[in-house]
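Notes follow once the structure below has been shown.
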Amino acid sequence: MLKNRTYSAIRSLFIAISKGLNNTGIVLLITVIIAMIWANSPWQELYRSLMRTDISLAVGNFEITEPMLIWINDGLMALFFLQVGLELKREILGGKLSNPKNAILPIGAAIGGIVFPAFIYFLFNTSGEASQGWGIPMATDIAFSLGVLALFGKRLPAALRVFLITLAIVDDLGGVLVIALFYTSGISTMDLFHGLLFFGLLIIGNYTGIRNTWFYAIIGIGGVWLAFFFSGIHPTIAGILTAIAIPGRVKINKETFLKRLSTLHSRFLKIKPVKGTLISNEQLEILEEIKATSSEAETPLQKLEKALHPVVSFLVLPLFALANAGIHLHGEIGKVLLNPISLGIGAGLILGKFLGIVSFTRLLVAFRLAKLPDTVNWNQIYGVAFLGGIGFTMSLFINELAFTNEEFIYTAKVSILFSSLIAGIIGSIILINNSRKPQKLKTA
């Protein structure tokens, strides 16, 4: 009976995956598979040489030359962190993190999901360079975890998605702080000072009413990112700082917007139409005014976040996955997976995340500091807690910062991939089984 139910759950998972190819998480999964096949194929040398290919950026006498891997990890990933920063700021200003009462539960769960994995990793690796990897199992991959959850559609409550989104956002913020505080060394104070000056310029632009996103993009990339690149602080932090500076308020309120729109609509209707399919010049001018008015009713923050989403989801993250998940498997995989580094990461992502998220959630509910949403039950929390163990993007990212030993990096990558896969499968099976049963009353 149990065998049949497990088989049925796995079968349902694969059917859901086949229907979700437009999902960011699925695109990432496909990219990971391509990278793994490529790195272990007869064309593996082409893969390695491609990642080592030098790419130069030159403006006049100024030139930066770095391998493609560095441009992806230090350059393109800054766009990912910019998007994370924009999303975090939006949620604080008017989203799921704006109401402390609603945010307590997922924030507490995220803290548990950060502390437990790091502690468990330390149990396996107490000294030497291996101990530097404690930050690797702390992260939750927001794209992968939400991608898996999206496969269930309306069979799971919307409140569960809100819980996971908030948890993952706080998790990402924790990852950013860990990178900034613990994985940054050899800082050039002068370059850091220049970066902070550019950041200050962005803040001034915000408070003086500059809403043009190009202003923030040019100074963010040409100023903050470049200065941080040379300072020794990981340049992706520039993405977070730039996001903080981008305006999150509208220029005109809803009432003014609707009043202007009504006036423009009336003017448009009064103009005599021209013959054929074209519109008159007067009508064209009104349409331009409508666009300008709409732009004033939209925040630069949301406008940029919307523009970045497809770029990050379908270019930046897949390229990152392609560049970092291409692991050439060598030696005995069994020995690699039994290495203390691998065990620490695996136990941290699979057990640490689950125990941390569930225990902190249980405690908050038991002490009446927070409560589960009405439509969410504990089995769903258990499933989501395992999905929190999908650490892919940020875990791989921190891995490159934590270790210099190539064998350590290889071991950690193998463990991240296997552990994330196991955590994702366990979480999915729990949620599939739960979605088929009538919802039961929650108990604390």
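Nothing in this text is a laboratory measurement; each read-out follows from the coordinates by a stated rule. Because the structure is a prediction, the values reported are computed rather than measured. Quick reminder, even Gly has a Cβ in these numbers, built from the backbone with ideal geometry, and neighbours come from all protein chains shown.
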Long-range amide H partners of I55, meaning residues 5 or more apart or on another chain whose placed amide H is closer than 5 Å, are E66, M68
Between helix 24-39 and the chain, what is the angle of the helix's C-alpha long axis to the longest principal axis, kept within 0 to 90° and rounded to the nearest 10?
50 degrees
Picking from Y47, Y216, Y382, which is most flexible by a Gaussian network model of the chain using Cα springs under 10 Å?
Y47
Sum -39500 (n - 2.57) across every DSSP H segment of at least 4 residues in the chain, then divide by the residue count to get the 222 nm mean residue ellipticity, nearest 500.
-21000 deg cm²/dmol
Output the pairs from K270/K291; K89/K306; K89/K291; K254/K291 with a Cα-Cα distance over 21 Å in this structure; if there are none, say none.
K89/K291
What is the distance in Å between the Cα centroid of the stretch 186-213 and that of the stretch 261-305?
35 Å
Net charge near K306 (other residues with Cβ under 13 Å of its Cβ; Lys, Arg +1; Asp, Glu -1) is -1
For the stretch 141-173 and the stretch 311-332, what is the separation of their C-alpha centers, rounded to whole Å?
22 Å
To the nearest 10 degrees, how steeply does helix 2-18 sit against the main Cα axis of the chain, on a 0 to 90 scale?
30 degrees
Any idea what angle helix 77-94 forms with the longest principal axis of the chain, computed on alpha-carbon atoms, 0 to 90 degrees, nearest 10?
70 degrees
14 Å reach of a label modelled at Q302, 7 Å along Cα-to-Cβ, counting backbone N of the stretch 93-124
93-96
Residue-wise HN-Hα coupling along the stretch 242-252, computed from phi with Karplus coefficients 6.51, -1.76, 1.60 (Hz; x: Gly, Pro)
4, 4, 4, 7, 6, x, x, 10, 7, 8, 10
Would you please put 73-79, 121-127 in order of how densely packed they are, using the mean number of other Cβ atoms within 10 angstrom per residue and starting with the highest?
73-79, 121-127
Over what distance in Å are the Cα centres of the stretch 366-423 and the stretch 30-94 separated?
22 Å
The chain, relative contact order [Cα under 8 Å, separation at least 6], %
28 percent
Order the peptides 219-227, 360-368 from the highest to the lowest mean number of other Cβ atoms within 10 Å of their residues.
219-227, 360-368
